[in-house]
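Taking it in order: structure first as C-alpha cells, then the write-up.
The values are calculated or read from the model by the stated rules, or taken from the named source; none is laboratory data. Owing to the predicted nature of the structure, the values given are computational and were not obtained by experimental measurement. Note that we place each Cβ from the backbone using ideal geometry, even for glycine, and neighbour counts take in every protein chain shown. Heads up: the accessible areas ignore ligands, DNA and RNA and are worked out on the full protein's heavy atoms, side chains in. Shrake-Rupley method; radii C 1.70, N 1.55, O 1.52, S 1.80 Å.
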Amino acid sequence: DVTLVDRSTGSTSSGRTCLYRQVDGTFLNVASQLDGGKWLVGLNTDPERSVGHLCARSRHTSNLKYIIKQIADGNCTIITRSRIRVTLNYPCIGDQTEVEIPKFALNDVYVGETSPTRLSYLELTIDDIPTDKQKSSGFLISTGSGSTAWGYHVNALDFYRTEQISAILNQLGFLNKKMNNSDISRLMNRFNDSFIFSADEKRMKYITREALQNNVFKAENTQGYAKNITVRSLCWNGKIVMDGIQRKFNFDDGVIAKFSINDQDSINSIQFCRLACFEIVISDNYEQITDWQIL
C-alpha cells in the first residue's frame, strides 16, 4: 500500500506508506505535513549535492525490496524526534489574535530580517531569564535533529581558527606543549561535537547569530538551551522560516512568537541497525509492521 507524495502539498491520498525520492530538503518538507499513521521513506537520489542524513545511503536507494524486508524483520531501531511548535500573536486594537501554525519544524527555525544585510532587532524572553533586546544577524532555534545541521555549522570551528586559538593559549602559558596537527584536529572535533544533542530531547538550542556588542546592546545571553522561548519582533521586514525555505511567515514589528516542544508533537523515525543514516518517519501512534508487501 504505497503512494507517491506530492512535494508541494504533502498530500498522499489514502495510502499508508509515503515514498519519495529526493534529498533532505524534500524530507523536511513532507515530514512537516504528515497525517497521522503515515510512513515516510526517504531515498537520497543526489548524494553529490546532499549528505542525506535523514535518507537511506546512496548505495541502498536502488534496493527498495531489501529495505522493506529489513523493516518487516525488525532489523531497526525506533528514534523519537522532537519538533518545534510555533504560535504567533498579532496585537490588534484592544485585542490580540493568536494563531497556531499547523506545521512543525523538525530541524530548526530562523527568526529575523528578510534581508541578510539588515540587522535583526528582537526582544527575547528565554525561560526565566530576564527579557533582553538584541540586534544581530538573526536568531536560530534548533532541535536535537537539527543540531547536526545549521546550528552545528553556526558554531563549528575550522582547522585554521582552532590552530589560532591553540597558538594563543600557548603564548599565554595555558598549554605545556605546542599542539601538532593531530592534536588540533582532535580539539576541533571535540568542540564541534559538543553541540550535538539527542533528537528526543524536550529542549531547544538557541543561538544569536553575530550579536551586536556596543555601549547600548550588551547581548550577554547569546546561546544556550531552553524549554520555552518568546520573541517579539522589532524588525522592519521580519520573517520566521521553518526548516530552511520550507515554511515562511511574516514577522513584522510588534508580532510575538512563542516556541515550544511538546510530547504530542513528536514523531518517530526508524533507523536500521546495520544501515546507518536510513530514516523512516512515522506518527507518534505507530503500530508494529506485520503486513508489509515486498515489492
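Considering only segment 142-158, I want to know if a residue exists there that is in contact with a helix residue (DSSP H, G or I) (Cβ under 6 Å, 6 or more places away or on another chain), more than 20 Å from Thr208 (Cβ to Cβ) and of a type in the set (D, E, K, R).
Within segment 142-158, none of the residues are in contact with a helix residue (DSSP H, G or I) (Cβ under 6 Å, 6 or more places away or on another chain), more than 20 Å from Thr208 (Cβ to Cβ) and of a type in the set (D, E, K, R).
Determine whether segment 49-62 contains at least one residue that is at pLDDT 75 or above and of a type in the set (Ser, Thr, Tyr).
no
Can you spot a residue in segment 163-176 that is crowded, with 16+ Cβ neighbours inside 10 Å, closer than 23 Å to Asp108 by Cβ and in contact (Cβ under 8 Å) with a residue 12 or more places away in the chain?
No.
Give me the pairs: first residue in segment 231-248 and modelled with pLDDT of 95 or more and in a loop (DSSP other than H, G, I, E, B), second residue surrounded by 19 or more Cβ atoms within 10 Å (Cβ to Cβ) and among the small types (Gly, Ala, Ser), beta-carbon distance under 8 Å, and six or more apart or on different chains, which are they?
Hits for this filter: Cys235/Gly112; Cys235/Ser120.
Could you list, in sequence order, the residues of segment 125-158 that are surrounded by 20 or more Cβ atoms within 10 Å (Cβ to Cβ), at pLDDT 95 or above and among the aliphatic types (A, V, I, L, M)?
Ile126, Leu140, Ile141, listed by residue number.
Within segment 203-219, restricting attention to residues that are open to solvent by less than 70 Å² (accessible area, probe 1.4 Å) and basic (Lys, Arg), which residue is nearest to Gln264 (Cα to Cα)?
Once the filter is applied, the top-ranked residue is Lys205.
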